[in-house]
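Presented below is the structure to which this report refers.
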């Protein structure tokens, strides 16, 4: 069975990542997470709010979907195949594209933050001389997903050694929770406890190659939830109940999170401020997870464009970051509204990444490397479909 609705959710989350990164150069203050770069003349706090809210729920949704599809692979082809598949489709692309993209992104940040191409030469020399600390950049998701796949294989090995009645009792408990009126409250509370381990009132973005136990725990909760959902797929229907309400609640909790985050002075103690912000964050995560998955399942009918966009989403995610840096740099001296600049940046990212997928990836060895197969060029496929329909 193909879950086209979940593919649509995955594409939607990828689009939100692009929106967040396209707007990151137009926040009203430079951020260390964005190379200390922002457009100093044309900016708006809206883009920081947008980035922060998207950052709350977008990656949790990704990890729930990843857990679901990883478990599906194991069910169909076994653990060894899953490890081999994830090594070839996640870890190897992570290594290759980190080597290719990190230097371009690093030089881009240095050039954009200084406003001068001359800093690019300095950055290149620093890279060649080994003076730069390499980070995970946006590819941290792939790194942690690979780690979670290994952890999941180990956990599965241990679980399979347990008595069958213990495993059945565990799944029965999960099903009771997932079908109860508290189906979001309990996983939300578990996530909240994990969020309380963060260094600040936000979900951290891992940058180091040294795995963070608290981040593995947090992302593992979402990954594991998706895993369990796959083993009780009928529970997915629970998400189709009032998905718009859950999505709306996710937006409300996201706004509440921002109100708390930017008003620490109204709380009696730093601990109360931190705990309240994380409560809003966990609530935003799980209401959006339920709402967006529910909307995807309600609209499970594929369209040709959505199918192609889903096939292109991996490539778009991998290569978009340098464009999200270099395009805003190219627009620095353009004297127009910041919202027009943002629109041009986002459009440029979409056109260049999707266009390069159609021309360079879809039917080439790159597509085979990323997806394990190639797809026919769009023009030939379209001609074939038209001939068959005639």
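The numbers here are math on the coordinates, done by the rules we state, and not lab data. Just so you know, these numbers come straight off a predicted model, no measurement behind them. Here the Cβ positions follow ideal geometry from the backbone for every residue, glycine too, while neighbour counts run over all protein chains shown.
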Inset, instruction - Set the Förster radius R0 to 45 Å, insert the Cβ-Cβ distance between residue 173 and residue 259 as r into 1/(1 + (r/R0)^6), and round the FRET efficiency to 0.05. - result: 0.80
Inset, instruction - Set the Förster distance to 41 Å, then compute FRET efficiency between residue 365 and residue 158 from the Cβ-Cβ distance, nearest 0.05. - result: 0.60
Legend entry - For the stretch 1-79, radius of gyration divided by Kirkwood radius, i.e. Rg to Rh on alpha-carbons: 1.17
Inset, instruction - Give me the distance in nm between label points sitting 7 Å out from Cα along the Cα-to-Cβ direction at residue 231 and residue 133, one decimal. - result: 3.9 nm
Legend entry - Choice from 353, 345, 364 with maximal GNM fluctuation in the chain (Cα, 10 Å cutoff): 364
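If each residue of separation counts as 0.36 nm, what is the full-extension length gain between residue 351 and residue 15 once their alpha-carbon separation is subtracted?
Taking 0.36 nm per residue and subtracting the Cα distance, the gain is 119.7 nm.
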Inset, instruction - Kindly provide the helix-only [θ] at 222 nm of the chain, computed as the sum of -39,500 (n - 2.57) over DSSP H runs of four or more divided by all residues, to the nearest 500 deg cm²/dmol? - result: -24000 deg cm²/dmol
Legend entry - Nitroxide proxy distance, nm - points 7 Å out along Cα→Cβ at residue 298 and residue 185: 2.4 nm
Inset, instruction - Take the alpha carbon atoms of the stretch 4-389, find their radius of gyration, then divide it by 2.2 N^0.38 Å using N residues; give the quotient. - result: 1.02
Legend entry - Full-extension gain in nm, residue 358 to residue 307, via 0.36 nm per residue minus C-alpha separation: 17.1 nm
Legend entry - Gain on full stretching of the segment that runs from residue 217 to residue 150 - 0.36 nm per residue minus C-alpha separation: 22.7 nm
Legend entry - Backbone N within the stretch 175-198 under 18 Å of label point (7 Å from residue 271 Cα along the Cβ vector): 193-198
Legend entry - Most fluctuating residue given options 184, 148, 117, as computed from a GNM of the chain linking Cα atoms under 10 Å: 117
